[in-house]
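Student: Below are the structure tokens for one structure; questions will follow.
The values are calculated or read from the model by the stated rules, or taken from the named source; none is laboratory data. Since this is a predicted model, take the numbers as computed values, not measurements. Because the Cβ atoms are built from the backbone with ideal geometry, glycine has one as well, and the counts that use them run over all protein chains shown.
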Amino acid sequence: MKVPFLDLKLQHAPLRAEVLAALADTFDNTRFCLGKDVEDFEKSFSTTLGYPRTLGMNSGTSPLHVASLCGGFGPGDEVITTPFTFASSCWGISYVGAKPVFVDIDPDTWCISPEAIAKAITPRTKGIVVVHIFGQPARMDEIMAVAKQHNLFVVEDCAQAVGARYKGVPVGVIGDCGTFSFYPTKNLGACGEGGAFVSKHPAVMDKAQLLRVHGSPKRYAHAEVGFNFRMDGFQGAVLNIKLRHLARWTERRRAIAAKYRAGIKHKDIQLPVVPAYGESVWHQFTLLHPQRDALRVHLEKNGVGTEIIYPGPMHRQECYASLGYAAGSLPLAEKTSATCVSLPIFPELTDEQVEHVIKTVNSF
Ligand SMILES: *Cc1c(COP(=O)(O)O)cnc(C)c1O
């Protein structure tokens, strides 16, 4: 039996006619940059997921850049973040000339450790970039307590956690602002690039809105040096349609994760932990095994697609070599990177495929 790691065609086939009609309407009415499709999407994203307001942007990296500017990060500032993430989480910090300070992760959630944040605070610390990795909300109460004590601006990178809640509160409005990516492989994926920005502070939203379009409060007036971070109309139209299915897709991801968690029984495997404060939306289902490369070969041999996400933690990447983190400096992040393997978890998997994955893992 073949179980691909991800097959977006299965998600798109039933939506094809509806999506193509919507794209034709956008084309015929020349709504290419922001416009009604994006506004409609922003409204439905806000009401469906529980945000006061949403700003559609052109990627998941752009809102992280905007977040750093909203937090007032700049040269001489330190911003604490996690090494176990996709690179973009750190780019926002570096784009504005601030210094990323990498700290180790929590052994259960694989998100940034609140205890490690507390130990890394210096007089130059200005903020924290939290990543809800694989869709699992980080331990936000503890993180916000440290942030409050030291007056830090907290960015939540929710690229992998669309629809996730922490103690009932949607991710992104627990900290000072939240960012999303609609890269095609994300839980809510555009047909191209896309992202969004949210904040519980109206003033932060206003500033982000200004920065999104050339710092312009009105046409040809420029209050700040801004960007072109507009979402394009076609992506708004696609996302509007796909958003209606997100809750169902998330439910299916959770059902598959529950099957994996109940069915995988292997003495050497560490499965993801589900904390009482809020379950993951399972962007990835990742497990740790000391011989993960051999496990991966075994899975591939039996038709099961896998990925290593992420093979190298950010503090050990060449681009941050000048920061001077030695091998072994953040042992949990390094061990997780060295032992992780992600299984297929997209909503269109059949129960038979899920059973095949479980049997194959258990027979290793
Ligand atoms: C995908 C992703 C991003 C960036 O998104 P793009 O849309 O590719 O710019 C940022 N952070 C995390 C954690 C991601 O997974």
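Student: In the stretch 160-170, how many residues are within 16 Å of the ligand (Cβ to nearest atom) and either in contact with a Gly (Cβ under 7 Å, 6 or more places away or on another chain) or part of a strand (DSSP E or B) (or both)? Working first, answer last.
Tutor: First pass over the stretch 160-170, keeping only residues within 16 Å of the ligand (Cβ to nearest atom): 160-164.
Those left that are additionally either in contact with a Gly (Cβ under 7 Å, 6 or more places away or on another chain) or part of a strand (DSSP E or B) (or both): 160-161, 164.
Final tally of qualifying residues: 3.
Student: Select, from G195, G175, G226, G233, the only residue that is farther than 23 Å from G92 by Cα and among the small types (G, A, S).
Tutor: Numbers: G195 fails: farther than 23 Å from G92 by Cα; G175 fails: farther than 23 Å from G92 by Cα; G226 fails: farther than 23 Å from G92 by Cα.
Result of the check over G195, G175, G226, G233: G233.
Student: Quick one: in the stretch 251-290, which of the residues that are farther than 18 Å from C340 by Cα and among the charged types (D, E, K, R) is surrounded by the most Cβ atoms within 10 Å (Cβ to Cβ)?
Tutor: First pass over the stretch 251-290, keeping only residues farther than 18 Å from C340 by Cα: 251-256, 258-259, 262-263, 275-279, 281.
Still in the running and among the charged types (D, E, K, R): 251-254, 259, 279.
Numbers: E251: 13, R252: 17, R253: 23, R254: 18, K259: 17, E279: 17.
Ranking the qualifying residues of the stretch 251-290, first place goes to R253.
Student: Residues of the stretch 104-116 being buried (at least 21 other Cβ atoms within 10 Å of the Cβ) and either closer than 11 Å to V79 by Cβ or among the acidic types (D, E) (or both), which ones? I'd like the intermediate steps shown before the answer.
Tutor: In the first step, residues of the stretch 104-116 are kept if they are buried (at least 21 other Cβ atoms within 10 Å of the Cβ); the result is 104-106, 109-114.
Within the stretch 104-116, D104, D106 qualify.
Student: Of all residues in the stretch 354-364 being touching a helix residue (DSSP H, G or I) at 6+ places or on another chain (Cβ under 9 Å) and either among the aliphatic types (A, V, I, L, M) or surrounded by 18 or more Cβ atoms within 10 Å (Cβ to Cβ) (or both), which is farthest from K265 (Cα to Cα)?
Tutor: First, pick out the residues of the stretch 354-364 that are touching a helix residue (DSSP H, G or I) at 6+ places or on another chain (Cβ under 9 Å): 354-355, 357-364.
Filter again for either among the aliphatic types (A, V, I, L, M) or surrounded by 18 or more Cβ atoms within 10 Å (Cβ to Cβ) (or both), leaving 354, 357-358, 360-361.
Numbers: V354: 14, V357: 12, I358: 9, T360: 11, V361: 8 Å.
Applying the filter and picking the extreme gives V354.
Student: Right, something else. Which of the following residues is of a type in the set (S, T, Y), in contact with a strand residue (DSSP E or B) (Cβ under 6 Å, 6 or more places away or on another chain), closer than 30 Å to V101 by Cα and outside the structural domain of Q136 (by TED's automatic domain parsing): S342, S337?
Tutor: Numbers: S337 fails: in contact with a strand residue (DSSP E or B) (Cβ under 6 Å, 6 or more places away or on another chain).
Testing whether each residue is of a type in the set (S, T, Y), in contact with a strand residue (DSSP E or B) (Cβ under 6 Å, 6 or more places away or on another chain), closer than 30 Å to V101 by Cα and outside the structural domain of Q136 (by TED's automatic domain parsing) leaves just S342.
Student: Right, here's the next one. Quick check on G92: is it touching a His at 6+ places or on another chain (Cβ under 9 Å) and crowded, with 20+ Cβ neighbours inside 10 Å?
Tutor: Numbers: touching a His at 6+ places or on another chain (Cβ under 9 Å): yes; crowded, with 20+ Cβ neighbours inside 10 Å: yes.
Criteria met by G92.
Student: Does the stretch 95-136 hold any residues that are more than 18 Å from the chain's Cα centre (by Cα) and hydroxyl-bearing (S, T, Y), and which are they?
Tutor: Within the stretch 95-136, Y95, T122, T125 meet the criteria.
Student: Being hydrophobic (A, V, I, L, M, F, W, C) and not in a loop (DSSP other than H, G, I, E, B) is the filter here; which residues of the stretch 322-364 pass it?
Tutor: Answer for the stretch 322-364, where residues must be hydrophobic (A, V, I, L, M, F, W, C) and not in a loop (DSSP other than H, G, I, E, B): L323, L332, A333, A338, C340, V341, L343, V354, V357, I358, V361.
Student: So L239 passes all but one of these: (1) away from the ligand (no atom under 16 Å from the Cβ); (2) out of contact with any strand residue (DSSP E or B) (no Cβ under 6 Å at 6 or more places or on another chain). Which condition number does it fail?
Tutor: Every listed condition holds for L239 apart from (1).
Student: Right, something else. Name the residues in the stretch 207-241 that are surrounded by 22 or more Cβ atoms within 10 Å (Cβ to Cβ) and assigned to a loop (DSSP other than H, G, I, E, B), would you?
Tutor: Across the stretch 207-241, the qualifying residues are F229, M231.
Student: Considering the stretch 191-206 alone, what residues qualify as being part of a loop (DSSP other than H, G, I, E, B) and under 18 Å from C177 (Cα atoms)?
Tutor: Taking the stretch 191-206 as the starting set, the residues that turn out to be part of a loop (DSSP other than H, G, I, E, B) are 191-194, 199-201.
Hits for the stretch 191-206 are G194, S199, K200, H201.
Student: Filtering the stretch 171-187 down to residues that are buried (at least 24 other Cβ atoms within 10 Å of the Cβ) and closer than 20 Å to G233 by Cβ, which residue is nearest to the ligand (Cβ to nearest atom)? Write out each step before concluding.
Tutor: Residues of the stretch 171-187 that are buried (at least 24 other Cβ atoms within 10 Å of the Cβ), as a first pass: 171-172, 175, 177-182, 187.
The next check asks that each one be closer than 20 Å to G233 by Cβ; those that pass are 180-182.
Numbers: F180: 8, S181: 3, F182: 7 Å.
Here the residue is S181.
Student: Turning to a different aspect of this structure: When residues of the stretch 218-267 are filtered for being among the small types (G, A, S), more than 20 Å from the chain's Cα centre (by Cα) and assigned by TED's automatic domain parsing to the domain that holds S46, how many remain?
Tutor: Residues of the stretch 218-267 that are among the small types (G, A, S), as a first pass: 221, 223, 226, 233, 236-237, 247, 255, 257-258, 262-263.
The next check asks that each one be more than 20 Å from the chain's Cα centre (by Cα); those that pass are 221, 223, 226, 233, 237, 255, 258, 262-263.
If we keep only those that are assigned by TED's automatic domain parsing to the domain that holds S46 too, we end up with 221, 223, 226, 233, 237.
Result for the stretch 218-267: 5.
Student: Among (1) touching a strand residue (DSSP E or B) at 6+ places or on another chain (Cβ under 8 Å); (2) within 16 Å of the ligand (Cβ to nearest atom); (3) of a type in the set (V, I, T), where does V204 come up short?
Tutor: (2)
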